[in-house]
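Notes follow once the structure below has been shown.
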Amino acid sequence: MLTVSGVIKLTDFGIAKNIDGTNNDYTGTGTGMVLGTPKYMNPEQVRNTKDVTAQSDIYSLGVVLWEMVTGKVPYDINTESTFDVFRKIVDEPLAKTGTKWDGVIKKATKKESGERRLELKFEQPKLIEKPKTPELTQGKKSKDTKFIIGAIVVGVFVVLFGVWLDTKDKNNKVEVLDVEMATNEEIPEWKKEFEKKWDEAVATEPFNNAKTNYKHFYNLPELPDSAIEEKQRVEEKKEYYYDKILAENPDLFIDKRDGKIYQSVRIGNQTWMAENLAYKPSYGNYWAYDDDISNVAKYGYLYDWKTACKVCPDGWHLPSDDEWTRLAEFLGGAGVAGHKMKNSNGWVNSRLKGNGSNESGFNGLPGGYRESEGSYQSIYQSVLPYGVWWSSSISSVDGAWNRYLDSEGGSLGRGDGVMIAGFSIRCIKD
């Protein structure tokens, strides 16, 4: 800071702490207090001011550098609560700037103070001697004088910062590592695209619900195997919103393989998916009804039996014939269970009947099926809308038991299907 009288003064962030271990009775900040400007605070400052050391200033310096590079502050206290800002400071790394300064910022803003490694190297600028200029009149200074004053300010800061590095707390010595301040490496296209999409997803976080944010981070561009750090950032975001979704909606289930969110339902002592499985595996045989991918969102995929037996996500499995029987018995028997399992719309046939009450929450829909020779049957509101689901139990050499619903009655039927046919899947929780 330069006063009107030309005196140079070095200022700080406004918060100071006495770190002299022999003088603990006198300190400007009380232990346990949270003090500081949120957007510049470091993790230990958020947790407990007694943990603040000289290392904390390295973190704040990294935040200032991030702000200088991006032209904005990392946390917006006008749109985010203080709690959310503090959580991000403690748990989340600063977003990459996509510039040569990312390496320095990363090292300066490590979450654990002992891991912060920073050495700044400065070269003294070579000033070109200029001809003497006329004396300055009061209230007017030349551009050269302003430049020299600015250089002096920078020089004072560098000297003081170097002294601080040399005299910092001996009990918290930091191994000094060289930091490459600049690089001529070209940023790969995948990285540019990823950082662009990442910034877009982060920018919309405060305005979306947890499910929308989860999908945004799940749908980021595919990363190469070498992008270890970027993959870790994505996984941390997905895990955060995964936990948040389940905490707010205990009846939801997220398939981590593809990020799809399913509704589940508790029926008796069993927990069922309340939607047909729509996972696209890298193995086996499966089909969209009528080979039309637009049918998958509502009805899921149709799978052959061998694929169905191993395609449910971790923690879930294909129900056995016995588990289907127990479901029917809990709903009053197979003769009436179908009406309670069918959705209240979507089953109307040509005689304008067929919908169920869905009082069980099973949400059964007429997803149709695929014949062994490749034809598709009964998904649309024709003569007999039909839905068929596999069981894991074998009925014959080339067949397995299934359960089906149709629009003609209120029963849950039991059938013997050839294993190479395509039926829907409802997974049941282990």
Legend entry - Hits in region 213-244 (condition: of a type in the set (S, T, N, Q) and exposed (fewer than 13 other Cβ atoms within 10 Å of the Cβ)): Asn219, Ser226, Gln232
Inset, instruction - Go through the residues of region 229-243 one by one and say whether even a single one is at pLDDT below 85, in a loop (DSSP other than H, G, I, E, B) and either over 21 Å from Cys312 (Cα atoms) or under 13 Å from the mean Cα position of the chain (by Cα) (or both). - result: no
Legend entry - The listed residue being crowded, with 16+ Cβ neighbours inside 10 Å, of a type in the set (S, T, N, Q) and closer than 17 Å to Trp389 by Cβ, out of Asn343, Asn355: Asn343
Legend entry - Considering residues of region 366-423 that are crowded, with 16+ Cβ neighbours inside 10 Å and among the acidic types (Asp, Glu) only, the residue modelled with the highest pLDDT: Asp406
Legend entry - Hey, Ala288 under 15 Å from Ser424 (Cβ atoms) and surrounded by fewer than 18 Cβ atoms within 10 Å (Cβ to Cβ) or not: no
Inset, instruction - Kindly establish whether Ser226 is in the same structural domain as Lys310 (by TED's automatic domain parsing) and outside any helix (DSSP H, G or I). - result: no
Inset, instruction - Provide a single number: the residues in region 78-111 that are surrounded by fewer than 15 Cβ atoms within 10 Å (Cβ to Cβ), assigned to a loop (DSSP other than H, G, I, E, B) and touching a residue at least 40 places away in the same chain (Cβ under 8 Å). - result: 1
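The values are calculated or read from the model by the stated rules, or taken from the named source; none is laboratory data. These numbers come from a predicted model, not from an experiment. Note that we place each Cβ from the backbone using ideal geometry, even for glycine, and neighbour counts take in every protein chain shown.
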